[in-house]
Every structure is written in C-alpha cells, then in structure tokens.
Amino acid sequence: MENFPQEWEVTPKAQRLSLECNKLNKLPRRFCAPDLLTLLLSENPIVSLPGSFLWSCRKLRVLDLRFGKFDSLPEELGDLKDLVWLNLSCCDNLEILPDTVRKLHVLQCLNLSHCDTLKYLPSGVGGLPSLQVLNTRWCSSLRWAEHTPSGMARAQSLGHAYPTIGASLENICGLVVLTELSISGLEDRELELPHNMSALTNLKFLHINLYKAKTLPAEMSYRFIQLQELQLWNFQSMEYLPRSFTCCGAFPALIKFQLFCCSTLVEFPEVDEGALPKLRTLDFNGCNSLETLPLSLEVLTSLRNLIVWDCEEILKDSCRTNCENSSIWRKALTSNINFRKSHSLDV
C-alpha cells in the first residue's frame with residue numbers, strides 16, 4: 001500500500017489496525033478512529049507524523065512506528081494519555097523526543113533501540129511513573145546529562161518546541177519501577193554509571209554498552225536482588241570487575257552473565273561460596289586481555305554453560321589447568337559446559 005486507507009475503509013469502531021510492511025510515506029492529517037487501541041505502522045517509510053493524526057486516536061494504548069523515516073515527533077504525542085507501549089526502534093532519522101513525553105503517565109515500555117541519530121532524551125523521561133522498560137540499546141549518538149543545543153533552527157522551523165535540558169543517567173535512575181534497562185553511550189566520551197543506579201531494585205534485565213566506563217557501582221551486586229540477566233558490552237577501559245560481584249550473596253537471582261568485547265578486562269575475580277547461586281550461563285566473548293578463569297568457579301553449582309568465544313590461547317590453557325586440578329571442572333567440561341569457536345578446548 002502506498003496510501004493510507006480512507007476513513008470509509010476503516011470502521012470507526014475498529015480497535016486494532018495493522019498496516020505493517022507497506023510503502024506509506026505520509027499519514028493523513030485527520031483520521032476518524034476514536035476507539036482505536038492498537039496501531040501498528042512499522043516498516044513503512046513514514047517521513048512525518050501529523051499531530052492532528054494522533055489527536056484523532058487519543059485512546060491508543062499500543063503504537064508501533066519501527067523503521068520510520070521521520071526526524072521528529074509532534075507535541076501531541078503527550079496527548080495519548082492511555083499509551084502503554086511505544087516502539088520507535090530503528091527510526092534512524094529521529095534525533096529527539098518531544099518534551100511532552102512527560103505526560104505519558106501510564107507508559108510502561110519505551111523502545112528506542114538502534115535509533116542511530118538520537119542525541120537527547122527529554123528530562124521528562126526520568127519522571128515517567130509507570131515506565132518498566134527503557135531500551136536505548138545501540139543508540140550510538142546518545143548524549144547523557146548534556147544541554148540540548150540552542151541552535152535548533154531546523155527543528156524550530158518545523159514548529160516543534162524542544163526541551164532545554166536532556167535526561168541524565170542520574171534522573172533515569174529515579175525510575176525505580178524499571179524491570180528492563182538498556183543503556184548505550186557515545187564511543188568517544190567517558191561516562192560512568194551513577195551510584196544511585198543501585199536504587200533500581202526491580203531490574204530483571206540490564207544491558208550496558210559504555211565504551212569509556214572504567215568501573216561499575218559495587219553495590220549493584222547486593223541491591224539488584226531480582227536481576228536475572230546482566231550484559232556488559234564494549235567496556236574498553238575497564239580492567240577489573242568489582243570484587244563484590246562474586247562475594248557471598250552477590251546477585252542472588254542472576255541466571256545469565258555475559259561480557260562481550262570487554263577487551264581490557266584482565267581478571268575475573270575469585271568466586272566465594274554463596275555467590276551467584278542461580279547462575280546458569282557465563283559468557284566471555286572477545287575478552288582478549290583475559291588470561292585466566294579462577295578455579296573457584298567450581299562453587300557455581302548451577303552453572304551449565306561456560307562460553308569462551310574469540311579469546312586468547314592462554315585462557316584455554318588456564319581452563320585445561322583447572323580441569324587437571326578440579327574434578328568438578330573436569331566433569332563440567334565433559335558434560336555440562338560448552339566451549340565454542342576456534343579456541344574451543346580439546347579435552
């Protein structure tokens with residue numbers, strides 16, 4: 001479809017409408033859909049979203065605009081007071097959200113992943129009372145805790161009022177109801193995680209992609225009591241994990257721990273009895289400076305998948321030594337634990 005359906009083609013009583021994977025590049029200024037709850041418009045080359053169109057669908061609870069080609073969203077987005085789920089992933093021209101996003105008091109999921117040109121989040125994002133999922137994964141241009149540039153002439157000409165202050169990691173960490181959080185930052189900018197991040201005690205999934213971060217808050221390990229999956233990507237300045245991550249009582253619900261392209265990590269800390277009691281998967285991918293894994297990994301009685309991918313030969317030798325010194329390691333390697341890629345163990 002190249003044209004949006006005429007009003008007469010969609011019953012005014014419709015509650016769900018899917019127009020995914022078409023060739024729509026514009027939406028009508030008016031659309032009679034007062035009872036519409038779900039609108040799926042993903043994978044259409046939509047270049048603009050008229051505010052009056054959103055005004056016509058004020059009861060929306062689900063809005064999917066993935067792969068749109070628009071560079072901004074109208075202020076009327078904030079009028080969707082019942083919106084629960086908003087997916088803007090892969091909108092690679094989108095630079096900023098309107099400040100009226102702060103009005104979306106029942107919004108639970110905001111997906112902004114792979115928005116390559118997204119530069120700022122309005123400060124109102126940090127005040128959304130119901131937000132449980134915030135995904136900024138692979139937003140490579142996203143700046144945290146910086147002022148929005150004043151010279152937004154192009155945006156002003158489009159009639160959009162942009163906020164003066166962007167969201168910071170500190171105020172994102174005020175979203176204590178979050179259960180899933182994915183954070184990405186600029187490759188060329190040093191950025192540390194704030195210590196108030198430990199307040200996010202409801203987190204179950206945490207993905208962090210910060211090139212220049214050197215440390216992680218130590219208190220994460222005993223405050224994140226519900227965390228089930230932790231992914232660390234592209235930590236290219238961090239040499240050591242906090243010792244607290246493998247102390248007794250650390251991450252009591254963690255099932256999967258993945259370290260990808262942490263090329264400067266030189267040591268995985270010794271593991272104490274009672275640490276990571278539910279851990280089933282421990283994944284090292286591209287950790288090229290890591291030379292050993294501690295023999296004390298044998299205390300992780302729930303571990304079923306130990307994955308070493310694209311790491312150095314010396315790490316393989318260390319694992320062989322652990323096999324020789326520990327019947328638990330030897331049993332795990334022959335029955336439960338998988339080594340992959342060209343650096344797999346021959347045991």
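Readers should treat all values here as calculations from the given coordinates under stated rules, not as data from a laboratory. All figures in this text were calculated on a predicted structure; none of them were measured in a lab. Note that each Cβ is placed from the backbone with ideal geometry, even for glycine, and that neighbours are counted across all protein chains shown.
Annotations for the structure displayed:
- Out-of-range pairs (alpha-carbon distance over 23 Å; input K204/K331; K69/K119; K204/K316; K119/K256; K13/K81): K204/K331; K204/K316; K119/K256
- Highest average packing first - 317-328, 120-131, Cβ atoms within 10 Å: 120-131, 317-328
- The length gained by stretching the chain between S141 and N3 to full extension, at 0.36 nm per residue less their Cα-Cα distance, is 46.4 nm.
- Top of E76, E43, E313 by mean-square fluctuation, Gaussian network on the chain, Cα under 10 Å: E313
- Available extension along the chain between K23 and E267 is 82.7 nm, counting 0.36 nm per residue and deducting the alpha carbon span.
- Each Cα pair under 8 Å and six or more residues apart adds its separation to the average, and for the stretch 7-336 the resulting relative contact order is 8 percent.
- For the stretch 70-89 versus the stretch 14-32, the gap between their alpha-carbon centres in whole angstrom: 15
- Against the chain, whose longest principal axis comes from its Cα atoms, helix 313-325 is set at around 50 degrees.
- K214-K59 pseudo-label distance in nm [points 7 Å out on the Cα-to-Cβ vector]: 5.6
- DSSP bridge analysis restricted to the stretch 7-336 gives an antiparallel fraction near 5%, rounded to the nearest 5.
- Spin-label pair S289/V106, simplified geometry with 7 Å Cα→Cβ offset, distance in nm: 4.9
- Structure-derived P(r) over Cα pairs in 10 Å bins from 0, in percent: which label, when the choices are (1) 5, 23, 27, 20, 15, 8, 2, 0; (2) 4, 18, 23, 20, 13, 10, 6, 3, 2, 1, 0; (3) 5, 24, 33, 25, 10, 3, 1, 0: (1)
- Extension gain, K256 back to Q228 (0.36 nm per residue minus Cα-Cα distance, nm): 9.4 nm
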